[in-house]
Each structure stands twice: as C-alpha cells, then as structure tokens.
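Following: one structure in structure tokens, then a few remarks.
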Amino acid sequence: MVAPCEKYLFLKILNPNILSFFVYPILIFLLLLVNWIVLSGKFDAFHLGLGLISCGVVTWLSQDLLYEDRRKKA
C-alpha cells in the first residue's frame, strides 16, 4: 500500500505550468464534446466525428482566451 503523502508525489514533481498546460485544454475539449453530444442527439460515427473535429478546432483556437497562464502577476 502506498503512503498517502507519496500517492500524489508525481504531481509535486511536475511543474504546475506544464500540468495546467495539459489539463485545461483537455477539460475544455471534454466539456465541449459533452455539450455537442447532448445537444445534437445524434450518435452515429459521422456526427461524432464532426463533433470531435469541431471541438478540437474550437479548443485550439480559443486556448489563449480560455486558459492563458493564470499565475501571471498584474
């Protein structure tokens, strides 16, 4: 069994900026994809593929707007 203090040691080792660099885009992509699936109501491969592509494009285009470095000092 892993001690509680060692359980998330890898998160302490990783640079928080690198971690947020990967977490925010994935979170935004998943939220957009869930909205796409729920609101479209179409579950065939063609429409899910369009949803994946469009959510990826929107996530990529809006990366500076939605999750710019939040640790910057004013």
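No lab work stands behind these numbers, since they all come straight from the coordinates. Everything numeric in this text was worked out from a predicted model, so none of it was measured. Every residue, glycine as well, gets a Cβ built from its backbone with ideal geometry; the counts of neighbours run over all protein chains shown.
Worth a mention:
- Distance between the 7 Å Cα→Cβ label points at residue 38 and residue 64: 3.1 nm.
- Distant-in-sequence amide contacts of residue 62, defined by a placed amide H-H separation under 5 Å and a gap of 5 or more residues or a different chain, comprise nothing.
- Highest average packing first - 51-59, 36-44, Cβ atoms within 10 Å: 51-59, 36-44
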